[in-house]
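S.K.: Okay, handing you the structure first.
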Amino acid sequence: MYLSARSRIILEKILSVPGDISIAQLASYLDVSERTVRRDLKEVGETLQDFKLTLVKHGSRLTVTGASAHRDRIQKNILELVNNEFTPFERQQIILRVLLSESEPVKLIALANELSVTVATVSSDLTRLEEDWNGKIHIKRKRGIGVELESSILEKRELLGELLLMTVPKIKLYQMFSDLLDDNEAQIDERIADFVDLSLLHMCDPIITKWLKKLSYEISNDSYINVLTYLMITIQQIPKGKIIAKSEGNHVFLQEYPEYDIAERILRDCLPDMVEIPDSEIAELTMLVLESEIRRGQDVFYRNEKVQAIRIAKKLISRVAKEIDTPLSQINVLKGLTEHIQYSIIRLKKKMPMSNPLLEMIKAEFPDLFDIVHTAACDVYPFKQIPEEETGFIVLHFEAAIIHSENMRPYSALIVTSRSSGINTWLQARFRKRLPKLKKMKFITPIDLMKETNLEKYDMILSTSHLENFTHDYQFISIFFTDNEINAINKKLEKIANRKQNETFPMDAVATTDFETALSSLTAMQTYYNLIISLIKETYFTASSVMTRNLEDNLRSFSQEIAQKTNLAADDLYEQLNKHENQRKVLACGTNTAMFLINTEVETASIHVFGSKHNLEMHIASEGKVNITNILVFLLPNTLTSEEIEIFTYLITMLTEDEIATTMIESGNSEKIKNLILSILQEFLEQKNINHVVTDRSLGF
């Protein structure tokens with residue numbers, strides 16, 4: 001039988017006194033109003049009736065009548081349960097579970113009586129909880145009111161799930177759930193019922209199983225337990241109004257993943273009485289499914305690269321910024337790094353060979369950054385090991401971000417002044433307000449300046465007086481420095497930040513390349529030239545002759561056009577195009593152009609560009625349904641060489657991300673698109689030529 005903590009205390013107090021007790025005494029003891037006590041007496045009276053005892057009211061005084069044997073029974077069955085001795089860890093778990101389940105403040109006296117300890121012990125346990133959970137838990141103490149968790153509904157759910165798995169290990173939980181579903185008479189840990197309503201298990205399990213089967217992959221047992229326990233907690237809370245707040249950070253593109261539709265259907269089946277399921281709840285369950293570990297499934301590799309890429313990029317930025325002690329702008333580095341990681345995940349999942357011709361130069365030029373990035377990447381990527389070639393590419397993204405962040409880094413200044421310490425304090429305060437970039441400041445007198453032996457360690461030298469016979473560069477400022485002086489200092493800081501960026505390779509450096517190295521370099525470049533020449537020759541443009549808006553008719557027509565130029569069957573091509581469209585594997589180029597990447601049985605790659613007479617509604621990755629008038633089909637060999645991977649990664653990235661490129665594609669003009677593809681490939685070759693020259697010189701060949 002369940003009794004609230006306050007009712008239990010009232011019951012214990014009434015039974016412990018030999019005579020009667022007043023409602024006022026109980027209210028004073030519980031630190032609540034008499035009205036609250038009167039409200040709880042109904043539950044107390046019903047509990048006494050279950051044990052053949054009667055709660056008798058004489059005005060505002062209370063007493064219990066009934067046989068002493070019945071008093072002994074209620075004492076043994078209910079009140080003595082409170083006297084169980086818990087370890088500090090068990091006690092803290094119980095306190096946390098109570099706080100997670102309550103939406104109102106909980107009295108310390110209620111927790112103390114529930115656990116048969118003093119209020120001081122409960123207070124100490126609360127402090128220990130905050131310490132042990134490393135900042136995840138913040139407990140708000142309201143004097144005279146009680147204590148409560150300062151956490152969002154989602155944070156409370158996550159904490160409740162973590163606490164459940166701390167109480168019952170996941171492998172045992174999985175076995176217990178299996179036994180309950182199979183109606184096996186196995187021993188079930190009763191503590192599970194403190195977290196979830198086990199009666200929901202028989203409803204939730206078949207619903208989850210039914211809808212997850214619609215996906216092209218199967219999640220692991222561990223991930224299944226995560227989804228199941230989260231769902232059981234969630235559907236208990238939503239009808240009570242405990243709904244996740246809609247976050248501005250929710251990714252719109254989630255709605256275009258099949259997992260979003262699955263999550264919505266699961267919640268609708270579990271909550272049939274709800275007219276509308278909140279988007280925030282669907283999005284959270286979607287993310288949980290997307291984060292699941294995969295047991296098996298052929299199409300897994302296309303499943304959630306964008307979600308993974310964003311998370312990996314954010315984790316990498318956070319880790320690397322901390323290691324190098326430099327603030328990196330998430331906005332500046334996130335987009336480029338995310339796009340790169342998205343393609344690298346595909347390459348790594350398909351176990352494609354990877355080549356990075358700049359690897360040795362990158363390792364030699366940025367050895368410390370390379371080690372930091374490689375360690376971090378191995379930790380956050382969903383693979384056991386990351387090739388050094390991949391790390392090399394990531395390092396370049398971070399090096400660019402570091403150069404950009406120079407404007408954000410804390411600068412140091414040596415400030416020469418003969419003024420008093422009060423004036424120095426004034427100047428320091430003014431600097432912190434007007435020039436927050438100057439984090440490190442050292443104030444010295446002109447005499448002390450002569451003793452400074454290492455002036456190069458300061459980003460700039462400022463002085464409130466003119467320094468005669470001083471050969472180093474310095475900036476004169478007044479103690480009430482003006483806007484002009486502030487602007488002059490900021491310009492100097494910008495020059496410092498841009499110094500590295502503006503450093504160029506000395507063109508007069510003497511190349512010492514030997515014959516064999518030069519021949520190898522030229523041969524490598526010849527491979528790229530041959531591949532690009534072949535690709536340009538295999539680029540075709542066709543205007544559709546189909547007069548309907550039916551997507552199938554148009555895709556079949558495009559397939560027949562491609563089949564005439566290759567040795568592929570038109571029906572097979574249509575099946576692949578249709579499958580990509582259904583599974584949302586089609587990329588967007590601008591607002592009206594779709595790109596298909598088809599790996600098939602061809603020896604050489606080709607590009608096929610089609611212009612439709614009508615708008616065709618297609619499913620586009622991360623965009624949803626879009627009206628399309630132009631279609632690009634890349635036919636690629638099943639096995640790509642490292643050079644082909646580089647070429648296509650560069651070309652596809654430019655076509656989908658560059659604003660000028662997407663504008664030209666949107667025009668539908670075949671000549672403009674042909675010249676665009678040609679110029680992008682020429683630009684690629686120019687960069688490869690420059691990289692080969694820089695690599696040779698840097699390595700001292």
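S.K.: Say we look at the stretch 589-617 and pick out the residues that are part of a loop (DSSP other than H, G, I, E, B) and within 34 Å of the chain's Cα centre (by Cα); which of these is nearest to residue 640 (Cα to Cα)?
M.R.: Across the stretch 589-617, the extreme among qualifying residues is 590.
S.K.: Give the residue, chosen from 539, 548, 593, 566, that is touching a residue at least 60 places away in the same chain (Cβ under 8 Å), touching an Asp or Glu at 6+ places or on another chain (Cβ under 7 Å) and in the same structural domain as residue 684 (by TED's automatic domain parsing). Talk me through it step by step, then tell me what you get.
M.R.: Details: 539 fails: touching an Asp or Glu at 6+ places or on another chain (Cβ under 7 Å); 548 fails: touching an Asp or Glu at 6+ places or on another chain (Cβ under 7 Å); 566 fails: touching an Asp or Glu at 6+ places or on another chain (Cβ under 7 Å).
Among 539, 548, 593, 566, only 593 is touching a residue at least 60 places away in the same chain (Cβ under 8 Å), touching an Asp or Glu at 6+ places or on another chain (Cβ under 7 Å) and in the same structural domain as residue 684 (by TED's automatic domain parsing).
S.K.: Limited to the stretch 549-563, what total is found for residues that are more than 18 Å from residue 632 (Cβ to Cβ) and out of contact with any helix residue (DSSP H, G or I) (no Cβ under 8 Å at 6 or more places or on another chain)? Quick ask: steps written out before the conclusion?
M.R.: Applying the first criterion (more than 18 Å from residue 632 (Cβ to Cβ)) to the stretch 549-563 yields 549-550, 552-553.
Remaining after also requiring out of contact with any helix residue (DSSP H, G or I) (no Cβ under 8 Å at 6 or more places or on another chain): 549-550, 553.
Number satisfying all stated conditions: 3.
S.K.: Going through the stretch 347-373 one residue at a time, which ones are within 19 Å of residue 315 (Cα to Cα), surrounded by 17 or more Cβ atoms within 10 Å (Cβ to Cβ) and over 20 Å from the mean Cα position of the chain (by Cα)?
M.R.: Answer for the stretch 347-373, where residues must be within 19 Å of residue 315 (Cα to Cα), surrounded by 17 or more Cβ atoms within 10 Å (Cβ to Cβ) and over 20 Å from the mean Cα position of the chain (by Cα): 348, 369, 370, 372.
S.K.: Run residue 200 past the list (1) in contact (Cβ under 8 Å) with a residue 24 or more places away in the chain; (2) under 23 Å from the mean Cα position of the chain (by Cα) and report the number of the one that doesn't hold.
M.R.: For residue 200, the exception is condition (2).
S.K.: Sticking with this structure for a sec: Go over the candidates 632, 597, 636 one by one and state the one that is in contact with a Ser or Thr (Cβ under 7 Å, 6 or more places away or on another chain), at pLDDT 85 or above and not polar (S, T, N, Q). Step through it out loud before you land on a result.
M.R.: Details: 597 fails: in contact with a Ser or Thr (Cβ under 7 Å, 6 or more places away or on another chain); 636 fails: in contact with a Ser or Thr (Cβ under 7 Å, 6 or more places away or on another chain).
Only one candidate qualifies: 632.
S.K.: From the set of residues in the stretch 1-31 that are of a type in the set (A, V, I, L, M) and modelled with pLDDT under 80, which is surrounded by the fewest Cβ atoms within 10 Å (Cβ to Cβ)?
M.R.: So, considering only residues that are of a type in the set (A, V, I, L, M) and modelled with pLDDT under 80, the one surrounded by the fewest Cβ atoms within 10 Å (Cβ to Cβ) is 1.
S.K.: Consider the stretch 244-276. How many of its residues are surrounded by 15 or more Cβ atoms within 10 Å (Cβ to Cβ), at pLDDT 90 or above and in a loop (DSSP other than H, G, I, E, B)?
M.R.: Total meeting the criteria: 1.
S.K.: For the stretch 64-90, which residues satisfy the criterion of being at pLDDT 85 or above and touching a Ser or Thr at 6+ places or on another chain (Cβ under 9 Å)?
M.R.: Once the filter is applied, which keeps residues that are at pLDDT 85 or above and touching a Ser or Thr at 6+ places or on another chain (Cβ under 9 Å), the stretch 64-90 yields 64, 65, 66.
S.K.: Looking only at the stretch 95-117, how many residues end up being farther than 15 Å from residue 129 by Cβ and in contact with a Phe, Trp or Tyr (Cβ under 7 Å, 6 or more places away or on another chain)?
M.R.: Of the residues in the stretch 95-117, 0 are farther than 15 Å from residue 129 by Cβ and in contact with a Phe, Trp or Tyr (Cβ under 7 Å, 6 or more places away or on another chain).
S.K.: Does residue 223 satisfy being without any contact (Cβ under 8 Å) to a residue 24 or more places away in the chain, surrounded by 13 or more Cβ atoms within 10 Å (Cβ to Cβ) and part of a helix (DSSP H, G or I)? Working first, answer last.
M.R.: Details: without any contact (Cβ under 8 Å) to a residue 24 or more places away in the chain: no; surrounded by 13 or more Cβ atoms within 10 Å (Cβ to Cβ): yes; part of a helix (DSSP H, G or I): yes.
It is false that residue 223 is without any contact (Cβ under 8 Å) to a residue 24 or more places away in the chain, surrounded by 13 or more Cβ atoms within 10 Å (Cβ to Cβ) and part of a helix (DSSP H, G or I).
S.K.: Follow-up question, since we're still on this one. With the condition kept exactly as written, say whether any residue in the stretch 404-418 is at pLDDT below 80, aromatic (Phe, Trp, Tyr) and surrounded by 14 or more Cβ atoms within 10 Å (Cβ to Cβ). Write out each step before concluding.
M.R.: Start the filter on the stretch 404-418 by keeping residues that are at pLDDT below 80, which leaves 404-411, 418.
Remaining after also requiring aromatic (Phe, Trp, Tyr): 411.
Keeping just the survivors that are surrounded by 14 or more Cβ atoms within 10 Å (Cβ to Cβ) gives 411.
Yes, the stretch 404-418 contains a residue that is at pLDDT below 80, aromatic (Phe, Trp, Tyr) and surrounded by 14 or more Cβ atoms within 10 Å (Cβ to Cβ).
S.K.: I've got another one for you. Restricting to the stretch 371-403, what's the tally of residues that are of a type outside the set (Gly, Ala, Ser), within 14 Å of residue 356 (Cβ to Cβ) and modelled with pLDDT of 85 or more?
M.R.: 11
S.K.: So for the stretch 153-163 (the condition being of a type in the set (A, V, I, L, M), farther than 16 Å from residue 227 by Cα, out of contact with any Lys or Arg (no Cβ under 6 Å at 6 or more places or on another chain) and in a helix (DSSP H, G or I)), does at least one residue qualify?
M.R.: As a first pass, look at the stretch 153-163 and keep what is of a type in the set (A, V, I, L, M): 153-154, 159-160, 163.
Now narrow it down to the ones that are farther than 16 Å from residue 227 by Cα: 153.
From what's left, out of contact with any Lys or Arg (no Cβ under 6 Å at 6 or more places or on another chain): none.
Taking every residue of the stretch 153-163 in turn, none turns out to be of a type in the set (A, V, I, L, M), farther than 16 Å from residue 227 by Cα, out of contact with any Lys or Arg (no Cβ under 6 Å at 6 or more places or on another chain) and in a helix (DSSP H, G or I).
Residue-by-condition table, conditions (1) in a strand (DSSP E or B); (2) under 17 Å from residue 101 (Cβ atoms); (3) in contact (Cβ under 8 Å) with a residue 60 or more places away in the chain; (4) of a type in the set (S, T, N, Q):
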{"residue": "126", "(1), (2), (3), (4)": "no, yes, no, no"}
{"residue": "130", "(1), (2), (3), (4)": "no, no, no, no"}
{"residue": "148", "(1), (2), (3), (4)": "yes, yes, no, no"}
{"residue": "166", "(1), (2), (3), (4)": "no, yes, yes, no"}
{"residue": "173", "(1), (2), (3), (4)": "no, no, no, no"}
{"residue": "183", "(1), (2), (3), (4)": "no, no, no, no"}
{"residue": "208", "(1), (2), (3), (4)": "no, no, no, no"}
{"residue": "232", "(1), (2), (3), (4)": "no, yes, no, no"}
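S.K.: Then there is this: Look through 117, 106 and report the one residue that is at pLDDT 85 or above, surrounded by 14 or more Cβ atoms within 10 Å (Cβ to Cβ), closer than 23 Å to residue 26 by Cβ and not acidic (Asp, Glu).
M.R.: Details: 117 fails: at pLDDT 85 or above.
Going through 117, 106 in turn, just one is at pLDDT 85 or above, surrounded by 14 or more Cβ atoms within 10 Å (Cβ to Cβ), closer than 23 Å to residue 26 by Cβ and not acidic (Asp, Glu): 106.
S.K.: Under the condition of being assigned to a helix (DSSP H, G or I) and modelled with pLDDT under 85, which residue from the stretch 185-205 is surrounded by the most Cβ atoms within 10 Å (Cβ to Cβ)?
M.R.: Here is the first cut: in the stretch 185-205, the residues assigned to a helix (DSSP H, G or I) are 190-194, 198-205.
Then drop every residue that is not modelled with pLDDT under 85, which leaves 190-194.
Numbers: 190: 8, 191: 14, 192: 20, 193: 11, 194: 16.
The selected residue is 192.
Residues checked against (1) at pLDDT below 70; (2) more than 43 Å from the chain's Cα centre (by Cα); (3) of a type in the set (Asp, Glu); (4) outside any loop (DSSP other than H, G, I, E, B):
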{"residue": "470", "(1), (2), (3), (4)": "no, yes, no, no"}
{"residue": "480", "(1), (2), (3), (4)": "yes, yes, no, no"}
{"residue": "495", "(1), (2), (3), (4)": "no, no, no, yes"}
{"residue": "509", "(1), (2), (3), (4)": "yes, yes, no, no"}
{"residue": "518", "(1), (2), (3), (4)": "yes, yes, no, yes"}
{"residue": "525", "(1), (2), (3), (4)": "no, no, no, yes"}
{"residue": "531", "(1), (2), (3), (4)": "no, no, no, yes"}
{"residue": "573", "(1), (2), (3), (4)": "no, no, no, yes"}
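S.K.: Of all residues in the stretch 537-551, count the ones that are modelled with pLDDT of 85 or more and surrounded by 14 or more Cβ atoms within 10 Å (Cβ to Cβ).
M.R.: Residues flagged as modelled with pLDDT of 85 or more and surrounded by 14 or more Cβ atoms within 10 Å (Cβ to Cβ) within the stretch 537-551 amount to 6.
S.K.: Taking residue 157 as meeting all but one of (1) basic (Lys, Arg); (2) in contact (Cβ under 8 Å) with a residue 24 or more places away in the chain; (3) loosely packed, with under 13 Cβ neighbours inside 10 Å, write down the number of the exception.
M.R.: (3)
The values are calculated or read from the model by the stated rules, or taken from the named source; none is laboratory data. Everything numeric here is computed off the predicted structure, so don't read it as measured data. In this analysis, Cβ positions are derived from the backbone assuming ideal geometry, glycine residues included, and neighbour counts consider all displayed protein chains.
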